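Reviewing the structure listed below.
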Amino acid sequence: MPALRRKSGNSAEVTKSSDHPVDDLSDSDSDMLDTELEHDLDVESEESEDEGSDWEQRTSRTANGKARAKRAKLSDTARPKRRTQLSKSNRNSLSLLPMMPMDILFEILGRLSPKDLLSLARTNKSLRATLISRNSITVWKSAQGNVGCPDCPSDFSEPRWAALVFGSTCESCGTTNVFKVDFGIRRRVCVPCKKNNLVVTSKFSTVFPKYDDTILSFIPHTNVGGWAHGHASGSKFYWKSDVHATAGQLLKLKEDVRKNVSDAKKKLNEFQLQRMSIVLETVENVPAYNNWYESLATTEDRRLQRYNAIIEKFRAIGYLEADIRSGISDRRECHQNALLTDRIWKRIQPILEPFVVEKRDRRLAAAREALIKERKGIADVVYKSYLKTLVPSQWLYHPRPNKIYDFLAFDQVLNAPDGVNVNESSFDEAKSMLPGLISAWNDERRAALEDKIPFQSTNNSSTNVCSMNLATTVFECVSKGCEVNSPPWGDQHGYPLFGWEDAGAHHCNISGRYWLFRDDPAKERELAFSKKGSVAAASLVSLVGLNPARATPANMDFYDLRFFCTECTARKNMNGRLVRQVFSWRSAVAHAMKNSHGNTLTWQLLTPEESNTVKRSEALNPVPNDKCWTCSSCNTFFDNLECRAVVVEHLKNVHGKLGGTVPQDLFYLPDKRRSTIPASMLELPAPPNAASDTTGIPEMVRCARCAPPNDRRIFKMNGVLAHLKDKHKIRNPSNKDWIVDK
């Protein structure tokens, strides 16, 4: 028994009394507790971390576990005097608890749970000796009463009972996390140990041939076998070591009777009565024990209880339960066996709270985004109602809805606080400001484009023509994914933008092919001046006979001439006839921008008869069948564009106009077109006096590039074209490269 300090503060041995014996527990009880405390009594890593002592036990060993080196003894005169005052670390040491007055110590310990007492008894030898003494029985009973634990069996001590009920380690093999107690055999054992150690009554004589089966009446039993998966049966199962122990005691007592030892029969009868009483008591109490034990929190229950307690803690701070659960549901700190205490909460709150805050911020951001999106939908309705009041030709020079969100008047309404109710009337002031806002927006865009024109200032004083209105002012869209610039329907040419008329009406239509750039209002669409396009346009304007410094796109459209590219050679069509590609002035500029003929392209003007032939074939192009047309005089087709025939019929019935001209009466939106515009082709006549087949193509030709005597070789047309490309590296052969063989 350790020395305990009296209330007076003097250390002395506690005296014994007949009324309150303080002698230690019996050897069997002490040994039992020793065994139990050596196992892991459900003190897992988390519980060791969360529910460990607030005081650290000082040790005489170093960090690596080796004993410290002994110091040389000093003489009494040389030995320095030690101060009796304890250091701060010693004052906080758990080993000082046994030195407290007995009644205060037991009052404190009596407020703990049996599991806490077991953990405390494992701390050091001094506390263990205090807690397994009979003087501490009241502490154990008080602790068991704190959790409603039933009284221990008559042959069990309170510490042993607590170790059985509140442990989690197999008593046979030491396996951890064994949460089921079999009160019939009064053991906490795992299933494999049950299978190896339980013996059913019917097999008793086989397993124990030397024992009389009458001893079974003195041994506690269970009705749940090792192979029963926890289900009770009508059979009785006995623990092997109990059989051996009981049989050994009976044999010893019977041997004493045989030797006529004094009081041997009496001791035998008392032993048998005692064992039968224990068996009867066990059988009677098993149902009550099981009912109470099942009412205790299981592992999952304890984890759920801890999880819910953490949620309540965060709710008390002011967080929403949805944010809490989504933030911490998968965190290991929430799913441990140890119940939540103030100390644990203080430790894990800084770990968990950032995840809750993150989920809260995400939820608020998502809610805000949904609110802004809803308000943008209202702004779209307001903006469309404004556009319907305009002449349809003006639509092209108004921004997409996602651009007006950046206007300050709209931005202030869209980003109003969450509590503000936003409806269509909320945008009345912003709507009234739209004409000025859009005019300023277009002025800014026009000024930016004018800065990119390299050859003239904004106003040409000699010609009195603005550079932005010239046919030679050619822009191209360099935004990746713009369908107008690179149409997915396989057009032969893109869309060069001539002057402000085209550039101002250009709005990128981002294709789903370029998902990375889709619906990205923050990404500015960029137009760049095309030097190649400007040179080609100047060449075409000069070929028509106009002044490149004065000609406008409208002038070139008025003449509407057709051109050959002299670098492009004739080729066979599907019918085997020789044809050449024909260009309008706009498609010729596009051809020059996209093709790789070189920097200097020359053009050949078609005759009026050839131009008319090409124009008749162009009338069959599929664009009129696309639903991209609208009336220039009203907004009937604002929400639903139609094909050209429907718009022409509308012009006739509603506006009394026959036919209709583009763009005065009707026009189409290029970014809404989906059909392919095929390249215009002109069929070439057969050369005069040429040996030709029925298609008009020369039947036999010779290469004009080969030197004698190789120039005598005869080719068919396909053969000479391949020969010129392979032998002479002429990429685009023309009729000057071969000689018709007569």
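The values are calculated or read from the model by the stated rules, or taken from the named source; none is laboratory data. Computed from a predicted structure; not experimentally measured. Glycine also receives a Cβ, built like all others from the backbone with ideal geometry; neighbour counts cover every protein chain displayed. Note: accessible area is taken over every heavy atom of the protein model, side chains too, but ligands, DNA and RNA are not part of it. Shrake-Rupley method; radii C 1.70, N 1.55, O 1.52, S 1.80 Å.
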> Say we look at region 552-603 and pick out the residues that are of a type in the set (S, T, N, Q) and under 15 Å from residue 680 (Cα atoms); which of these is surrounded by the fewest Cβ atoms within 10 Å (Cβ to Cβ)?
Replying inline: 573
> Name the residues in region 589-622 that are touching a Ser or Thr at 6+ places or on another chain (Cβ under 8 Å), part of a loop (DSSP other than H, G, I, E, B) and at pLDDT 75 or above, would you?
Replying inline: 601, 602
>> What's the total number of residues in region 653-665 that are without any contact (Cβ under 8 Å) to a residue 24 or more places away in the chain, closer than 15 Å to residue 629 by Cα and not small (Gly, Ala, Ser)?
In response: 2
>> Exactly one condition in (1) open to solvent by 80 Å² or more (accessible area, probe 1.4 Å); (2) not β-branched (Val, Ile, Thr); (3) not in a helix (DSSP H, G or I) is false for residue 374; which is it?
In response: (3)
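Can you name the residue in region 209-220 that is part of a helix (DSSP H, G or I) and open to solvent by 70 Å² or more (accessible area, probe 1.4 Å) and is also farthest from residue 240 (Cα to Cα) among such residues?
Initial filter on region 209-220 (part of a helix (DSSP H, G or I)): 213-218.
Retained after the next criterion (residues that are open to solvent by 70 Å² or more (accessible area, probe 1.4 Å)): 213-214.
On the way: 213: 13, 214: 15 Å.
Here the residue is 214.
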> Across region 511-528, what is the total count of residues that are open to solvent by less than 40 Å² (accessible area, probe 1.4 Å) and modelled with pLDDT of 55 or more?
Replying inline: 2
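Filter region 726-739 down to the residues that are in a helix (DSSP H, G or I) and at pLDDT 80 or above, then identify the one that is nearest to residue 565 (Cα to Cα).
Of the residues in region 726-739, the ones in a helix (DSSP H, G or I) are 726-727, 735-737.
Retained after the next criterion (residues that are at pLDDT 80 or above): 726-727, 737.
Details: 726: 22, 727: 24, 737: 16 Å.
Residue satisfying both the conditions and the ranking: 737.
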> Which one of these does residue 160 not meet: (1) assigned to a helix (DSSP H, G or I); (2) open to solvent by 50 Å² or more (accessible area, probe 1.4 Å); (3) free of Cβ contacts under 8 Å to residues at least 40 places away in the same chain?
Replying inline: (3)
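Taking region 226-246, which residues are open to solvent by less than 40 Å² (accessible area, probe 1.4 Å) and modelled with pLDDT of 90 or more?
Within region 226-246, the subset open to solvent by less than 40 Å² (accessible area, probe 1.4 Å) is 226, 228, 237-239, 242-243, 246.
Within region 226-246, 237, 238, 239, 242, 243, 246 meet the criteria.
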>> Within region 265-282, does at least one residue satisfy the condition of being within 30 Å of residue 366 (Cα to Cα) and surrounded by 13 or more Cβ atoms within 10 Å (Cβ to Cβ)?
In response: no
>> Pairs please, first residue from region 601-627 and within 24 Å of residue 644 (Cα to Cα), second anywhere and at pLDDT below 80 and buried (at least 17 other Cβ atoms within 10 Å of the Cβ), Cβ atoms under 8 Å, 6+ apart in sequence or on different chains.
In response: 621/677; 622/677; 623/668; 623/673; 623/677; 626/668; 626/673
> So which residues in region 282-316 are under 21 Å from residue 352 (Cα atoms) and among the hydroxyl-bearing types (Ser, Thr, Tyr), if there are any at all?
Replying inline: 307
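When you scan region 337-358, do you find a residue that is among the aromatic types (Phe, Trp, Tyr), out of contact with any Pro (no Cβ under 8 Å at 6 or more places or on another chain), in a helix (DSSP H, G or I) and closer than 30 Å to residue 507 by Cβ, even just one?
Quick first cut of region 337-358, residues among the aromatic types (Phe, Trp, Tyr) only: 345, 355.
From what's left, out of contact with any Pro (no Cβ under 8 Å at 6 or more places or on another chain): 345, 355.
With in a helix (DSSP H, G or I) added as a condition, the list becomes 345, 355.
With closer than 30 Å to residue 507 by Cβ added as a condition, the list becomes none.
No, there is no match, as no residue in region 337-358 is among the aromatic types (Phe, Trp, Tyr), out of contact with any Pro (no Cβ under 8 Å at 6 or more places or on another chain), in a helix (DSSP H, G or I) and closer than 30 Å to residue 507 by Cβ.
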> Taking region 635-656 only, how many residues are part of a loop (DSSP other than H, G, I, E, B) and touching a strand residue (DSSP E or B) at 6+ places or on another chain (Cβ under 9 Å)?
Replying inline: 6
> Is there any pair linking a residue in region 195-208 that is in a helix (DSSP H, G or I) to one that is of a type in the set (Lys, Arg) and surrounded by 12 or more Cβ atoms within 10 Å (Cβ to Cβ), with Cβ under 7 Å and at least six apart or on different chains, and which?
Replying inline: 197/240; 201/236
>> Every residue in region 178-202 that is open to solvent by 40 Å² or more (accessible area, probe 1.4 Å), at pLDDT 90 or above and farther than 25 Å from residue 277 by Cα, please.
In response: 191, 192, 195, 196
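For residue 152, indicate whether it is hydrophobic (A, V, I, L, M, F, W, C), within 22 Å of residue 128 (Cα to Cα), out of contact with any Pro (no Cβ under 9 Å at 6 or more places or on another chain) and in a loop (DSSP other than H, G, I, E, B).
On the way: hydrophobic (A, V, I, L, M, F, W, C): yes; within 22 Å of residue 128 (Cα to Cα): yes; out of contact with any Pro (no Cβ under 9 Å at 6 or more places or on another chain): yes; in a loop (DSSP other than H, G, I, E, B): yes.
So residue 152 fits the description; yes.
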> Can residue 192 be described as over 23 Å from residue 252 (Cβ atoms), touching a residue at least 12 places away in the same chain (Cβ under 8 Å) and touching a Leu at 6+ places or on another chain (Cβ under 6 Å)?
Replying inline: no
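For the structure I just gave you, tell me whether residue 611 is open to solvent by less than 30 Å² (accessible area, probe 1.4 Å), of a type outside the set (A, V, I, L, M, F, W, C) and in contact with a strand residue (DSSP E or B) (Cβ under 7 Å, 6 or more places away or on another chain).
On the way: open to solvent by less than 30 Å² (accessible area, probe 1.4 Å): yes; of a type outside the set (A, V, I, L, M, F, W, C): yes; in contact with a strand residue (DSSP E or B) (Cβ under 7 Å, 6 or more places away or on another chain): yes.
Yes.
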> Do we have residue 653 as open to solvent by 30 Å² or more (accessible area, probe 1.4 Å), at pLDDT 80 or above and within 30 Å of residue 380 (Cα to Cα) here?
Replying inline: no
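What do you reckon, is residue 361 in a helix (DSSP H, G or I), open to solvent by less than 80 Å² (accessible area, probe 1.4 Å), of a type outside the set (A, V, I, L, M) and in contact with a helix residue (DSSP H, G or I) (Cβ under 7 Å, 6 or more places away or on another chain)?
The answer is no for residue 361.
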>> If I go through region 293-336 residue by residue, how many of them are assigned to a helix (DSSP H, G or I), within 24 Å of residue 176 (Cα to Cα) and either at pLDDT 85 or above or not basic (Lys, Arg) (or both)?
In response: 13
> Within region 291-308, is there a residue that is open to solvent by less than 60 Å² (accessible area, probe 1.4 Å) and charged (D, E, K, R)?
Replying inline: yes
> Among the residues of region 133-157 satisfying the criterion of being open to solvent by 50 Å² or more (accessible area, probe 1.4 Å), of a type outside the set (Asp, Glu) and within 15 Å of residue 292 (Cβ to Cβ), which is modelled with the highest pLDDT?
Replying inline: 145
> Taking region 377-404 on its own, how many of its residues are of a type in the set (Gly, Ala, Ser), open to solvent by less than 40 Å² (accessible area, probe 1.4 Å) and in contact (Cβ under 8 Å) with a residue 12 or more places away in the chain?
Replying inline: 1
>> Just the residues that are in contact with a helix residue (DSSP H, G or I) (Cβ under 8 Å, 6 or more places away or on another chain) and either of a type in the set (Ser, Thr, Tyr) or touching a residue at least 40 places away in the same chain (Cβ under 8 Å) (or both), please, taken from region 238-259.
In response: 238, 239, 240, 241, 243, 246
>> For the condition at pLDDT 80 or above, over 27 Å from residue 617 (Cβ atoms) and not hydrophobic (A, V, I, L, M, F, W, C), what is the one hit in 712, 702?
In response: 702
> residue 630 versus (1) modelled with pLDDT of 85 or more; (2) open to solvent by 50 Å² or more (accessible area, probe 1.4 Å): which is the lone unmet condition?
Replying inline: (2)
